[in-house]
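The numbers here are math on the coordinates, done by the rules we state, and not lab data. Not measured: the values here are computed from a predicted model. Every residue, glycine as well, gets a Cβ built from its backbone with ideal geometry; the counts of neighbours run over all protein chains shown.
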């Protein structure tokens, strides 16, 4: 009856908000959709992978991935990749994306890291200086298959465990438990109030959730180092007094001073960077003066890209260091398209990285932004923002398993921001079927990475590829 007490108001649908999916578990609901995916893509199918007949030669793929990088630095990249099979995997996200293209894919998408190996999780400081732990590398981020991140994580844990000297059962258990933790966490998030799940912080409660108490001591040591890893500490070591201010000191090949024109181009680009920041932060940066710019070599996957550090000083001479790092298209992009995920519209690659990071992290660097230097896109962020990381290849067997559960939980929370956790949780289910499948995939793929690594080291010994080690 019209006007009846207790009747639901007839409000129009508001675009941008959810439509009613009907009762829990009803046809069309995320839970029903997730269960239906199992019929089309059985969870056991994720165990299967074998190299395609036209799979690129691993060494040729390394050489191809050096295209567009600074040629004088590519031997450093190759040398780092040659250090171990785990290091090879770290530098070959594109090759793995090629391999994953033909694996089982549910079609459910999320904002993915694209390079979610076990060394790409770590600690960093929030705006108040408190430490959080989360994914911390987003160069390859895009909208793609959530499974690809989980598979890369699982395979990396097997390789890290082998490098640490763990037996095969321990390595497989780490991969399985990472997948299991991902599944359990997604289920937990699916059952929480949306705002609580969205804002789940990666803090000390994570250790309890992941049952990772054996890792507590290691995390405490890493946190202690992270708190000292600041702009001020870096500037104290990497700069010297000059003309009433400070400037960077040459330390080639990792850190080197620049010609005035190149340094000036980077400094000038910061004007555009300011336009990518929230307006309320502009008075903060207005109190700093740009002092100097230097080139600095970055991590394994990014060696050879253009990357700068910019020294800013406040009125007391206290430093703030920004990193201005070249952003190239994600190496996953062509493979994600072939797997059924539409290409995004053309845009600024630095913007892609920054927005992808903000979509996946609960707490992000407040100074994240992007810039264009001489026509090239860059991402900009704080350098040495109390960052710290666990070396998964140096963990004891009991710690490796704990670390696997922590990273699996973090990955689930990151994915849940851009895909409904109810759908993924329903697909993953309550059993260990998916965990077992991903553990088997990880074992098989780790074997392939060991063979590819051996091919690279043979090519280096034969003089086919130049490599510089110890840098």
| request: Normalising by the residue count of the range 269-359, find the relative contact order in percent from Cα pairs under 8 Å and 6+ residues apart. | output: 18 percent
| Highest average packing first - 396-402, 458-464, Cβ atoms within 10 Å | 396-402, 458-464
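I need the shape label for the range 355-471. Rule: rounded when a/c is under 1.5, else prolate if a/b > b/c, else oblate, with a, b, c from the alpha carbon gyration tensor. Each step should come with its number before you reach the end.
On the way: a/c = 1.85, a/b = 1.06, b/c = 1.74.
Here the range 355-471 falls in the oblate category.
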| request: Two decimals is fine: what's Rg over Rh for the range 270-426, C-alpha atoms, Kirkwood radius as Rh? | output: 1.01
| Mean separation of Cα contacts under 8 Å (6+ apart) over length of the chain, as relative contact order % | 31 percent
| Spin-label pair residue 45/residue 242, simplified geometry with 7 Å Cα→Cβ offset, distance in nm | 5.9 nm
| message | Sequence gap at least 6, Cα distance under 8 Å: using those rules, report the relative contact order of the range 332-404 to the nearest whole percent. | response | 21 percent
| task | Would you work out if the range 225-322 is rounded, prolate or oblate? Take a ≥ b ≥ c from the square roots of the eigenvalues of the alpha-carbon gyration tensor; rounded if a/c is under 1.5, else prolate when a/b is larger than b/c, oblate otherwise. | result | rounded
| task | Kindly provide the pair-distance distribution of the range 110-250 built from C-alpha pairs, with 5 Å bins from 0 and whole-percent values in order of increasing distance. | result | 2, 8, 12, 17, 19, 16, 10, 6, 5, 3, 2, 0, 0
| query | Sorted by average packing, counted as other Cβ atoms within 10 angstrom per residue and highest first, what order do 311-323, 131-143 take? | reply | 131-143, 311-323
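Do the sum for the chain: with -39,500 (n - 2.57) for every DSSP H run of n ≥ 4, divided by all residues, what is the mean residue ellipticity at 222 nm, to the nearest 500 deg cm²/dmol?
Details: 18 runs with 208 residues, N = 471.
Calculated at 222 nm, the ellipticity per residue is -13500 deg cm²/dmol.
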| task | Provide the three semi-axes, in whole Å and in decreasing order, of the ellipsoid equivalent to the chain as defined by the square roots of 5 times the Cα gyration tensor eigenvalues. | result | 37, 30, 22
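Take the alpha carbon gyration tensor of the range 338-422, find the square roots of its eigenvalues, order them as a ≥ b ≥ c, and report rounded if a/c is under 1.5; if not, report prolate when a/b exceeds b/c, else oblate.
Working: a/c = 2.24, a/b = 1.42, b/c = 1.58.
Oblate, because a/c is 1.5 or more while a/b does not exceed b/c.
Reported to two decimal places, what Rg/Rh ratio describes the range 95-192 when computed on Cα atoms with Rh from the Kirkwood expression?
With Rh from the inverse mean 1/r over Cα pairs, Rg/Rh is 0.99.
Mind checking the full-extension length gain between residue 289 and residue 72? Use 0.36 nm per residue of separation minus the Cα-Cα distance, one decimal, nm. Mind dumping the intermediate values first?
Numbers: separation 217, 0.36 × 217 = 78.12 nm, distance 3.17 nm.
The span from residue 289 to residue 72 would gain 74.9 nm if fully extended.
Sort 155-164, 357-366 by packing, meaning the average of other beta carbons within 10 Å per residue, with the highest value first. Please list the in-between numbers first.
On the way: 155-164: 27.6, 357-366: 19.5.
Order by mean packing, descending: 155-164, 357-366.
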